[in-house]
Amino acid sequence: MSLKYKNDDFLLRTDDYSEKVLSVVNKYDAFLDALTTADFGHIREATRMAIQFFVSDKYKNTEQVAVHTYNQSPKLKIRYNRLNDYLGHIQIRDKKSFSIDLATGTGKSWVIYAVSQIMLAEGLVDKVLVLCPSLTIEEELKIKFEVFSGNNVLTQILTELDAAYPSPAIKSANVPILNGDICIENIHAAYQRTGSSIPDSFKGKGQRTLVISDEAHHIYSKADANVKKWYDFLINPDYDFHYLLGLTGTPYIGDEYFHDVIYRYSLKQAMEDGIIKKIDYKVEEESDKEKGFDETYQNHVAIQEMYSGNLKPITIIITDRIVTCIQVWNNLVKYISEKENLSYDQAAKKVIWVTSGLPSSANERTVVDGILSNGEKVRKENLTLLKSVDEKENPVEWIVSVSMLTEGWDVKNVFQIVPHEQRAFNSKLLISQVLGRGLRIPKGLEHPIFVKINNHEKWTPKIVNLYNEVLEIENKISWFYDESKKRYAFPLYNLEYASLQDTIEIKKEPAKEPGKVDFSPQSRKWEETSRYSETGSFRFTVENKDILTIEQAARQIKLFLKEKDASISKQWSIKKIKDFIVKNLEKDDYDSSFLTNENLSKAKQAFGPMFRELDKKAPRMKMRPDSLYPLIWEEMSLQSFNESAIKENSYVYYTKDSVNSLSAEQKILFGDFLKDKENYDQVREKVVRYGGNEDEIKFLQENLFERTDDEFKTPLNMLFVSYEPEHRFANSLFNNINLFDSIFKSPDKGFYWFPYSYKPDEKGSTHVKRENFNPDFFIKLKDKNEILVVEIKADSDTNQKNKAKYRDGKAHFDSLNKKLKENGIDWKYHFYFLSPEDRTEFFQAVRDGRYKNWKSGLMQELSSNGK
């Protein structure tokens, strides 16, 4: 099957199975068996792997291990053409520095202790320094380590193995760290000049010290300037540390997986093993209307009912910034107060906000001070409440937090996670961190156990990437202008645009009073259904909070009129305004007992023409075509599409030679697709035999289309289209290829574009927006210097933007043809908007020579009542 990179492909490998290494690795099996339970074999494996890397004399540092790994991996050689390119992705190469990737909730603390204890017991190091990003994590580790170190069974086993230090002392850096000690400390203590024993205890002793970094993704974080010093401390020559180990469940720098990982226990594997909850993410919602907290609250109540009597379920809402976190907390408290008929203070006991600090900017601090009287005091109290949040006696049911939080959590009762905005969810690191908040399983529950991710449906691809292990690297395939196909290149001309005054409007007569207003549908409440990946459909009711009584709306409009023009305000009494609102609601059979804020804006906008001053000059600006210029094919930027796109809603047309235009890596990927397509029956049989579904490979037949060289008349190496309307038009193009000399699918951005302007549909806006329009296809007619420019849309897609695109596109190509004629250039452009139902008539018009003034049904619709 096709080449696909997984995070496993980046794991470092060794081949040192010498007696010396294996004797140490296997020596502590009894200790590891006593430390862990039978179902936590991954802890034992991760520990053994770390010891193997540290004990080996064959590899002196991480770079040597990386070179061996690269030389043994064909896939790494494909991804990185040169060894140095690969090595550049490894952060610390001149020491024995490695990372372990354990999914959140699967036992990082146990691995940290096990590796520390064995390295001390074997005499490989004299002391261990464990660094963590926060006081919370530091305190939790100390408690666990003191239990481990005081375990008589573990101590007895290590004593019988002649351990150099069978029962290490667990200390903080406020006292000297002696040989045989494990020091657990917040990373900030490493930078302190006073009060920390780290400099005296570790400077010059790094060769005999093991440094373990918990939550190691913070080492490379850009979010916290102090945390960024972590890396500098690890490589500080004054300490000269040699043994470095990082543990994290989110080993990403942005979206790139760490390249120094020696062992990985993935989210997917942990879910399959029942170690953590399964992810139940939203895959579909009935509408994109604003739902406030309604769905989240009703999910929370349903989960409470499911676990009634067993535990107290918790919902977490994740924001991207501290100030947003506190604002959301305040709004949620108000919502719960109203929903459960509680006072604000009573509701506030059910909801806490958790952050690593308070906003630093003055503006954001002012916002917070307007909500909280003593923010820092409350923040610390919330951190204390967080420690016991799973207990029934603790009243907290809701937690509002920040995605990039340095505080550690050990909360098991989380059953719903709500990313409040996409920015809290826009990288693999953040996605992993957010989901990690709710993966731990409470004791006594039977599988399957789910954590519901109440994400916005349009973010679903991000969630899917995680659910498929957060871990897959998106393979890309490029399409571009192919020099070997320049015989199909034809002259493309465009226009420069400049902002010029268009007209001067002088209003002579006052506008008529508003009569008709096209309000949007409105309801006090409505029912919706969301569908989740594991638990299926969830039905809930949304209450519309964004409403006013007719009396309130009328008074707001009255005030609006008074501010704009007192004379007009006198003509409109409150009763007249109320009658105006009710009449326009009732004409469309809408509930006339209230008005939404959206419809209030439309009502105000209806009065707009009345405020225009008489006899006043109002200049109108417009983007005007200026100079003519030719496009250069060679300057078209490289385009690409994700491997997943052709498995879903995109289509590729190609020839046998297309694969040869690709890079080495892409050639293997696309070549494998073509081989699988050619041998589809055998591939299908293999997939089914191993428990797969034929739907996984149907794209080979349904989304990939080979064309002959004679048919493939394009200057591109391949032709890539998205969604069904473009796909159907492309099929028709190739079916009628004898009518054309060349076809060109233009990029969605850049290369060929021109400006257009439109008035948005939403909220009756009068503001004009300007954007760029990139037509889909440029098609050269056979034996003619004429280009057909085609934009593809779905049937009856006549929104404001498309009306504006058609209007301004027609004007653009009319101006272009005029400029071409003025400059003596013998080329002409014809512009069309087509929907799937227009295809046959369009190609027949071309065949009959009727194309010059021909209009599609969609063009007729777009040209009527356009704005």
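The values are calculated or read from the model by the stated rules, or taken from the named source; none is laboratory data. Just so it is clear, the structure is predicted and the values come from calculations on it, not from any experiment. Counting neighbours? That spans all protein chains shown, and the Cβs are built from the backbone with ideal geometry, glycine included. Remember, those area values only see protein heavy atoms, side chains included, never the ligands or the DNA or RNA. Shrake-Rupley method; radii C 1.70, N 1.55, O 1.52, S 1.80 Å.
Short version: ³J(HN,Hα) in whole Hz for each residue of region 141-158, in order, from phi by Karplus 6.51 cos²θ - 1.76 cosθ + 1.60 (θ = phi - 60°), x for Gly and Pro, what are they?
Karplus values, whole Hz, x for Gly and Pro: 5, 4, 4, 5, 5, 5, 5, 4, 5, x, 6, 5, 5, 5, 4, 5, 4, 5.
Report, to the nearest whole %, how much of the accessible area of the chain belongs to carbon and sulfur atoms, 1.4 Å probe, protein only.
Percent of accessible area from carbon and sulfur atoms in the chain: 46.
Under the rule of at least 5 residues apart or a separate chain, name every residue whose amide H is placed under 5 Å from the amide H of TYR263.
ASP101
Quick one: dipole size for region 52-149, taken about the Cα centre, charges +1 on Lys/Arg Cβ and -1 on Asp/Glu Cβ, in debye to the nearest 20.
Dipole about the Cα centre, nearest 20: 540 debye.
Please report the net charge: other residues with Cβ closer than 15 Å to the Cβ of PRO395, K and R +1, D and E -1.
-2
Which loop trypsin sites (Lys or Arg not before Pro) in region 715-750, with loop taken from DSSP, have no more than 10 other Cβ atoms within 10 angstrom of their Cβ?
LYS749
Suppose every K and R has +1 on its Cβ and every D and E has -1 on its Cβ; what is the size of the dipole of the chain about the Cα centre, in Debye to the nearest 20?
Taking the Cα centre of the chain as origin, the dipole is about 2900 debye.
What is the distance in Å between the Cα centres of region 5-31 and region 533-556?
Between the Cα centre of region 5-31 and that of region 533-556, the gap is 58 Å.
Quote to one decimal, in nm, the extra length available between LEU445 and ARG539 on full extension: 0.36 nm per residue of separation minus the C-alpha distance between them.
Full-extension gain reported as 31.3 nm.
When the Kirkwood radius is taken over all Cα pairs of region 701-810, what Stokes-Einstein diffusion coefficient follows at 37 °C and 0.692 mPa s, in µm²/s?
It diffuses with D of about 209 µm²/s by this estimate.
What accessible area per residue comes out for the chain, rounded to a whole number of Å², with a 1.4 Å probe?
46 Å²
Compute, for ASP814, the solvent-accessible surface of its heavy atoms (probe 1.4 Å) with the complete set of protein chains present, and express it in square angstrom to the nearest 10.
90 Å²
Simple spin-label model, 7 Å along Cα-to-Cβ: GLU634 to GLN64 in nm?
Here the answer is 4.9 nm between the modelled labels.
Average the reciprocal distances over every distinct pair of alpha-carbons in the chain, invert the result, and give the Kirkwood radius in Å.
So the Kirkwood estimate lands at 32.2 Å.
Computed FRET efficiency, Cβ-Cβ of LYS675 and ARG531, R0 41 Å: what is it to the nearest 0.05?
0.70
Which FRET efficiency value, to the nearest 0.05, do you get for ASN731 and ASP255 by plugging their Cβ-Cβ distance into 1/(1 + (r/R0)^6) with R0 = 30 Å?
With R0 = 30 Å, the Cβ-Cβ based efficiency is 0.30.
Would you please name the trypsin sites (Lys or Arg not before Pro) within region 136-232 that are DSSP coil residues with at most 10 other C-beta atoms within 10 Å of their C-beta?
Answer by residue number: ARG193, LYS222.
Computed on alpha carbon atoms, what radius of gyration and Dmax characterise region 270-332, expressed in Å?
Expressed in Å, the Cα Rg and Dmax of region 270-332 come to 14.8, 39.
What list of ³J(HN,Hα) couplings, whole Hz, do you get for region 245-255 from phi and the Karplus terms 6.51, -1.76, 1.60, once you set θ to phi - 60° and write x for glycine and proline?
For region 245-255, the Karplus curve yields 9, x, 10, 7, x, 9, x, 10, 9, x, 10 Hz.
Using R₀ = 56 Å, calculate the FRET efficiency as 1/(1 + (r/R₀)^6) where r is the Cβ-Cβ separation of GLU706 and LYS575; round to 0.05.
Once the sixth-power term is evaluated, E becomes 0.20.
Near VAL301, within a Cβ-to-Cβ distance under 12 Å, what is the net charge of the other residues, with Lys and Arg +1 and Asp and Glu -1?
Net local charge, VAL301 excluded: -4.
Taking the Cα centre as origin and putting +1 on Lys and Arg beta-carbons and -1 on Asp and Glu beta-carbons, what dipole magnitude results for region 675-811, to the nearest 20 debye?
760 debye
Determine the sum of side-chain charges near ASN61: Lys and Arg each +1, Asp and Glu each -1, restricted to other residues whose C-beta is under 14 angstrom from that of ASN61.
After counting each charged neighbour, the total is -1.
Cα centroid distance between region 735-758 and region 816-867, in Å?
Computed from Cα coordinates, the inter-centre distance equals 13 Å.
Compute the distance in nm between two label points, each set 7 Å from the Cα along the Cα-to-Cβ direction, one at GLU146 and one at GLU286.
5.4 nm
Averaged across orientations, what area in nm² does the convex hull of the alpha carbons in region 1-70 project?
6.4 nm²
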